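The values are calculated or read from the model by the stated rules, or taken from the named source; none is laboratory data. Everything numeric here is computed off the predicted structure, so don't read it as measured data. With ideal geometry, Cβ positions are generated from the backbone for all residues, glycine too; neighbour counts draw on all protein chains shown. Keep in mind that these areas ignore ligands, DNA and RNA; they rest on the heavy atoms of the full protein, side chains included. Shrake-Rupley method; radii C 1.70, N 1.55, O 1.52, S 1.80 Å.
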Amino acid sequence: MDQKNSFDILKECEGAKKIGISGHIRPDGDAVSSCLALRRYLMNNMPEAKVVVNLEYPPSIFNDLWGYDDIVQEFPEDEEPYDVYFALDCNYDRLGEAQKYFDKAKKTINIDHHMTNTGCADVNVVEPEVSATAEVLCKYMDKEKLDVEIAKALYAGMVTDTGVFQYSCTSPDTMRRAADLIAFGFDFSKLIKRVFFEKTYLQSQIMGRCMMESVRFMDERCIVSLVDLKTAEFYGVKPKDYEGIVSQLNNIRGVDVAIFMYQTAAQEFKVSLRSSEKVNVAKIAQQFGGGGHERAAGLTMNGTFHDCVNNLSDKIAEQLGD
Ligand code: 5GP
Ligand code: MN
């Protein structure tokens, strides 16, 4: 991988008139916040450049962040290629429709922290030991050039990916960077509640249902819960309403691995995996074409629900030494 030891965001973009930024499909807090923070950083420091963020369905809980309303959610054919195109918080595979802009761009830059990402751009800054893509950005942004809106967005991304500085990806550097960010003076309590803890009534209902219907197996060390298409339709829930369910399953005492699945089509499921400490779930996700981090990973699986669970439990058992 062409990994840069020193990386200067503004230098990499020198002379660019048209810059595009995108993150992964079904964007989470880190993807949305990283895109918005980088856009403002570039706009503040390169006033001559046009900077666009393309993201599909950015969750509305992030609508307090600067630039949220400017996110371009359609992906029209564009005559003029981008001078620079950024892929944030993902590999090329998960860029979705933004792939076409990335393909045509004169220069591409990939900034990420997923250990399963091997780098997909001309310039790759992939740092798996860093908690969030927002933290990678924070590391490389010039402190003198930040402002309160950039700080707030970076903080929101870090809050999302560290589970409010709780997950093991949180490092002393994460806390030092977060400290520098809150010094800008935004209301971080309100932000954390809004982007992490607050749920709609519907989200709470589906969470409750998933807890009720969950099944433990492998001596109660694994737990799985499913939302099938019929249930989703009955409650009127969408994938964004499932945020937090898998973590809640993983919070249950004695659970080593939590699996949350929702059906996307006949014999197709989106799967989220969380691990407490013993199992590297990124390794498991990767074996089925997905990816992520040691303690939090995801994938798409085909087959019946039972096929999927059996396949996953074989791999979990291998790691648990059974
Ligand atoms: P979540 O379970 O919250 O959707 O995702 C957990 C982690 O795994 C995130 O870092 C996410 O980016 C990654 N992830 C989720 N689904 C996929 C997938 O299908 N492919 C890859 N490569 N990574 C995924
Ligand atoms: Mn991330």
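Screening PRO59 against (1) closer than 25 Å to VAL281 by Cβ; (2) open to solvent by less than 30 Å² (accessible area, probe 1.4 Å); (3) modelled with pLDDT of 95 or more leaves a single unmet condition, (3).
Applying the selection to segment 283-321, what residues are outside any helix (DSSP H, G or I), of a type in the set (Gly, Ala, Ser) and more than 16 Å from ligand 2 (Cβ to nearest atom)?
Taking segment 283-321 and keeping what is outside any helix (DSSP H, G or I), we get 288-304, 321.
Restricting the remaining residues to those that are of a type in the set (Gly, Ala, Ser) gives 289-292, 296-298, 303, 321.
GLY289, GLY303, GLY321 - these are the residues of segment 283-321 that are outside any helix (DSSP H, G or I), of a type in the set (Gly, Ala, Ser) and more than 16 Å from ligand 2 (Cβ to nearest atom).
Would you say ILE252 is assigned by TED's automatic domain parsing to the domain that holds LEU65, open to solvent by less than 70 Å² (accessible area, probe 1.4 Å) and either out of contact with any Asp or Glu (no Cβ under 9 Å at 6 or more places or on another chain) or touching a residue at least 24 places away in the same chain (Cβ under 8 Å) (or both)? Talk me through it step by step, then tell me what you get.
Working: assigned by TED's automatic domain parsing to the domain that holds LEU65: no; open to solvent by less than 70 Å² (accessible area, probe 1.4 Å): yes; either out of contact with any Asp or Glu (no Cβ under 9 Å at 6 or more places or on another chain) or touching a residue at least 24 places away in the same chain (Cβ under 8 Å) (or both): yes.
Spelling it out, it is not the case that ILE252 is assigned by TED's automatic domain parsing to the domain that holds LEU65, open to solvent by less than 70 Å² (accessible area, probe 1.4 Å) and either out of contact with any Asp or Glu (no Cβ under 9 Å at 6 or more places or on another chain) or touching a residue at least 24 places away in the same chain (Cβ under 8 Å) (or both).
For segment 75-96, a residue qualifies if it is within 16 Å of ligand 1 (Cβ to nearest atom) and open to solvent by 30 Å² or more (accessible area, probe 1.4 Å), and the qualifying residues are ASN91, TYR92, ASP93, ARG94. Annotation: ASP241 fulfils all but one of (1) in the same structural domain as ILE150 (by TED's automatic domain parsing); (2) of a type outside the set (Val, Ile, Thr); (3) within 23 Å of ASP28 (Cα to Cα); (4) surrounded by 15 or more Cβ atoms within 10 Å (Cβ to Cβ); the unmet one is (1).
For every residue, the table says whether it meets (1) under 19 Å from the mean Cα position of the chain (by Cα); (2) under 18 Å from LEU146 (Cβ atoms); (3) open to solvent by 10 Å² or more (accessible area, probe 1.4 Å).
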position	(1), (2), (3)
ILE21	yes, yes, no
ASP28	yes, no, yes
LEU36	yes, yes, no
LEU55	yes, no, no
GLN73	yes, no, yes
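Against the conditions (1) more than 22 Å from the chain's Cα centre (by Cα); (2) surrounded by 21 or more Cβ atoms within 10 Å (Cβ to Cβ); (3) in a loop (DSSP other than H, G, I, E, B), VAL279 satisfies every one except (1). Number of residues in segment 249-263 that are assigned to a strand (DSSP E or B) and away from ligand 1 (no atom under 11 Å from the Cβ) equals 2. Of the residues making up segment 174-187, those that are free of Cβ contacts under 8 Å to residues at least 40 places away in the same chain, open to solvent by less than 80 Å² (accessible area, probe 1.4 Å) and either within 24 Å of GLU129 (Cβ to Cβ) or among the acidic types (Asp, Glu) (or both) are ALA178, ALA179, ILE182.
Can VAL123 be described as hydrophobic (A, V, I, L, M, F, W, C), under 27 Å from GLY15 (Cβ atoms) and at pLDDT 95 or above? Step through it out loud before you land on a result.
On the way: hydrophobic (A, V, I, L, M, F, W, C): yes; under 27 Å from GLY15 (Cβ atoms): yes; at pLDDT 95 or above: yes.
Considered against the rule, which asks whether it is hydrophobic (A, V, I, L, M, F, W, C), under 27 Å from GLY15 (Cβ atoms) and at pLDDT 95 or above, VAL123 comes out as yes.
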